1. Just tell me how shielded B:9-16 is by partners: mean number of partner chain Cβ atoms within 10 Å of each residue's Cβ, no decimals.
2. If you take the beta carbon distance between B:Leu20 and B:Tyr122 as r and set R0 to 30 Å, what does 1/(1 + (r/R0)^6) give as a FRET efficiency, to the nearest 0.05?
3. If I model a spin label at A:Arg59 and A:Leu31 as a point 7 Å from the Cα along the Cα→Cβ vector, what separation in nanometres do I get?
4. I'd like the mean, over residues of B:145-151, of how many other protein chain beta carbons sit within 10 Å of each residue's own Cβ.
5. For chain A, just list the percent of Cα-Cα distances falling in each 10 Å bin from zero outward, please.
6. Quick one: which of A:Lys39/B:Lys31; A:Lys65/B:Lys38; A:Lys39/B:Lys27 span more than 29 angstrom between C-alpha atoms?
7. Using helices alone, what [θ] at 222 nm do you get for chain A, with -39,500 (n - 2.57) per DSSP H run of 4 or more residues, divided over all residues and rounded to the nearest 500?
8. Mind pulling the angle between the C-alpha long axis of helix A:28-45 and the longest principal axis of chain A? Nearest 10 degrees, somewhere in 0 to 90.
Amino acid sequence: MHLTTDEIELWAQGLLGAARALHLAECSLCLAEADRERKVLLELAQLPRFAPSASFADRVMAQVKIRAPSGEFGA
Amino acid sequence: MVRDRALAEDLAQETFIKVLNGITSYKPEFKFSSWIFKIANNAAIDHIRRRSLDTLSLDGAPDADTPEAMKATAIQLDAKGETPLQELENRELGSAIERAIGRLRPEYRACILLRHVEGYSYEEIAAALALPLGTVKTYIHRARNELRGYLEDRRAETGGRDGP
């Protein structure tokens, strides 16, 4: 039986059980599909990640209204 | 989501201001991070829709559930009316995968980034975006298919110079 989409995703992440992964050795269709999936997942994993700039928290807190014990909003 | 670091930070700022000013509306039965993400996602999608950024999908409407419905609602890239200059600029902005993500529908984009960049489970994505689990799986599957198609087209065009 061919691998399902979920199984191919698991394989590309190295999480597919050996019994099902063996199917790839005997099915060129599934192997090609899995290889295409792996390439996309690799590219997604390499996307750059960004941290906010140093002043981010200050800019946020400058616009947060904090309720005083009296119920009034202060800066 | 928005393919622009400064804009992403502006939207993140807007998100955290909403979160902190609206903290009393948070319901503890939901994960706090999911609540924040939902607000952030809404801000990003609102922005994308306002600005009509590159949000075209090749697969038709997200809720199209038959091949006929998908075909009927699919939008051809040619319909975007991209000028040669815009096309050139688009090609020069970011990596092939970033440009490919930029072409996804916002709904697909949010799901694929949460799944494969942030490492959320399908269940967590469903909770964060208030979508049925099956819909999340469908969106991610379609998004990956679109990304694969786009990246393979790009590789064919560039003879493999545009990425792994």
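Values quoted throughout were computed directly from the atomic coordinates according to the rules given, and no laboratory measurement underlies them. All values reported here derive from a predicted model rather than from experimental measurement. Note that we place each Cβ from the backbone using ideal geometry, even for glycine, and neighbour counts take in every protein chain shown.
1. Mean partner shielding for this stretch: 4.
2. For B:Leu20 and B:Tyr122, the calculated efficiency is 0.55.
3. For the pair A:Arg59/A:Leu31, the computed spacing is 5.1 nm.
4. Counting Cβ atoms of other protein chains within 10 Å of each residue's Cβ and averaging gives 3.
5. 16, 28, 12, 10, 14, 14, 6, 0
6. Going by Cα-Cα distance, A:Lys39/B:Lys31; A:Lys39/B:Lys27 fall outside the 29 Å limit.
7. Rounded to the nearest 500, the figure is -14500 deg cm²/dmol.
8. 20 degrees
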